[in-house]
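The values are calculated or read from the model by the stated rules, or taken from the named source; none is laboratory data. Just so it is clear, the structure is predicted and the values come from calculations on it, not from any experiment. No Cβ is skipped: glycine too gets one built from the backbone with ideal geometry, and neighbour counts run over all protein chains shown. Only protein heavy atoms, including side chains, enter the accessible area calculation; ligands, DNA and RNA are left aside. Shrake-Rupley method; radii C 1.70, N 1.55, O 1.52, S 1.80 Å.
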Amino acid sequence: TTNLWSSELSKLTANAFLAQRISSINSISALCEATGADVDEVAFAIGTDSRIGPKFLRASVGFGGSCFQKDILNLVYLCNHYGLSEVADYWESVVRMNDYQKHRFGQQIVRTLFNTITDKRIAIFGFAFKKDTNDTRESAAIHVCRDLLDEGAQLAIHDPKVPAETIYADLGLSPDSDAVEISATPQIAAKGAHAIAILTEWDAFRHDQLDYAELLISMEKPAFIFDGRNILDLEALRSLGFEAYGIGKP
């Protein structure tokens with residue numbers, strides 16, 4: 001048993017520590033891209049250290065869900081309430097890094113597509129915050145899609161479980177919006193697209209489940225793919241003819 005505050009802080013701190021690990025490896029993913037390192041190799045290497053361990057070291061477009069950000073911000077509030085501003089700033093930086101990672105991913109798409117995505121069709125694969133759920137709370141996809149829409153993109157969004165009305169509501173759009181199309185299949189989303197962005201790690205988007213050679217035929221050229229969950233073989237995609245990019249990948 002513990003006292004009341006120990007119990008409360010144990011719950012908040014557990015989620016904060018897990019989110020901190022994700023933000024930490026995501027910060028290193030930016031450095032990996034700048035230097036030519038591979039973030040998966042870095043994560044594997046440090047994960048073999050028994051003091052660190054391998055869990056929650058997968059770089060991605062950012063964490064979402066109902067718990068991590070909420071619990072960190074709860075910690076931040078408590079720290080500020082008790083006059084611990086430096087501690088509050090420390091934990092708030094975990095959330096800021098997560099936000100940075102999401103915006104960085106969107107900026108990479110814009111930069112790579114010749115610094116403009118106005119009226120370009122971008123296929124969004126996945127909208128839930130993680131696979132095997134229809135939960136979109138704090139999903140990274142919401143923030144990436146909003147950034148792309150602000151840049152004038154036309155989005156074709158496919159998610160196996162998230163309803164169309166949820167996607168429109170999360171993006172603050174009406175169902176008759178000209179900027180967003182909800183696609184029933186990945187093939188429909190990719191048809192005529194300049195780029196594919198994978199934002200949820202659904203198994204259906206992996207190489208052994210989805211024919212990317214078929215998708216490439218229907219896309220505009222040059223065709224780009226941005227793997228925000230590092231679930232694809234980038235070299236295999238490049239051999240097909242894609243311009244392929246991953247998080248923290250050379």
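In the set VAL76, VAL94, only one residue is out of contact with any Pro (no Cβ under 7 Å at 6 or more places or on another chain), touching a residue at least 60 places away in the same chain (Cβ under 8 Å) and aliphatic (A, V, I, L, M); that residue is VAL94. Exactly one residue out of LEU216, LEU234, LEU173 is among the hydrophobic types (A, V, I, L, M, F, W, C) and either more than 20 Å from ILE109 (Cα to Cα) or open to solvent by 70 Å² or more (accessible area, probe 1.4 Å) (or both), and it is LEU173.
Put simply, of LEU155, LEU171, LEU148 the only residue that is without any contact (Cβ under 8 Å) to a residue 40 or more places away in the chain, in contact with a helix residue (DSSP H, G or I) (Cβ under 7 Å, 6 or more places away or on another chain), under 23 Å from LEU232 (Cβ atoms) and not small (Gly, Ala, Ser) is LEU155.
Might you let me know whether segment 216-224 holds any residue that is modelled with pLDDT of 95 or more, within 19 Å of the chain's Cα centre (by Cα) and among the polar types (S, T, N, Q)?
No, that holds for no residue.
Of everything listed in (1) open to solvent by less than 40 Å² (accessible area, probe 1.4 Å); (2) farther than 16 Å from ASP99 by Cα; (3) within 19 Å of the chain's Cα centre (by Cα), the single unmet condition for ALA59 is (2).
Within segment 194-213, the set of residues being under 16 Å from GLY248 (Cβ atoms) and open to solvent by 40 Å² or more (accessible area, probe 1.4 Å) comprises GLU201 only. Kindly indicate whether any position in segment 1-11 is at negative phi and open to solvent by less than 30 Å² (accessible area, probe 1.4 Å). No, segment 1-11 has no match at all. Listed conditions (1) within 17 Å of GLY65 (Cβ to Cβ); (2) open to solvent by less than 70 Å² (accessible area, probe 1.4 Å); (3) charged (D, E, K, R) are all met by GLU138, apart from (2). Pairing residues of segment 1-15 that are closer than 15 Å to LEU73 by Cβ with residues that are of a type outside the set (A, V, I, L, M, F, W, C) and part of a helix (DSSP H, G or I), at Cβ distances under 8 Å and at least 6 apart in sequence or on separate chains, gives LYS11/ASP71; LEU12/ASP71; LEU12/ASN74; ASN15/ASP71.
Given the structure, is PHE105 assigned to a helix (DSSP H, G or I) and surrounded by fewer than 19 Cβ atoms within 10 Å (Cβ to Cβ)? When the stated conditions are applied, PHE105 does not pass them.
If you go through segment 111-151 and pick out every residue that is of a type in the set (Lys, Arg) and under 20 Å from LYS191 (Cβ atoms), you end up with 2. Restrict the check to segment 90-101 and report whether at least one residue is under 27 Å from GLN187 (Cβ atoms) and open to solvent by less than 40 Å² (accessible area, probe 1.4 Å). No, there is no match, as no residue in segment 90-101 is under 27 Å from GLN187 (Cβ atoms) and open to solvent by less than 40 Å² (accessible area, probe 1.4 Å). Applying the condition of being outside any loop (DSSP other than H, G, I, E, B) and touching a Ser or Thr at 6+ places or on another chain (Cβ under 9 Å) to segment 155-168 and asking which residue is most open to solvent (accessible area, probe 1.4 Å) yields THR166. Listed by first and then second residue, the pairs linking a residue in segment 178-197 that is over 23 Å from GLY246 (Cα atoms) to a residue that is of a type in the set (S, T, N, Q) and crowded, with 17+ Cβ neighbours inside 10 Å, with Cβ atoms under 7 Å apart and 6 or more places separating them unless they lie on different chains, are ALA179/GLN154. When you look at ILE188, is it surrounded by fewer than 22 Cβ atoms within 10 Å (Cβ to Cβ) and β-branched (Val, Ile, Thr), yes or no? When the stated conditions are applied, ILE188 passes them. Of all residues in segment 198-222, those that are closer than 25 Å to ALA140 by Cα and assigned to a loop (DSSP other than H, G, I, E, B) have Cβ atoms under 9 Å from Cβ atoms of residues that are at pLDDT 95 or above and among the acidic types (Asp, Glu), 6 or more apart or on another chain, in LEU199/ASP159; THR200/ASP159; TRP202/ASP132; TRP202/ASP159; HIS207/ASP233; GLN209/ASP203.
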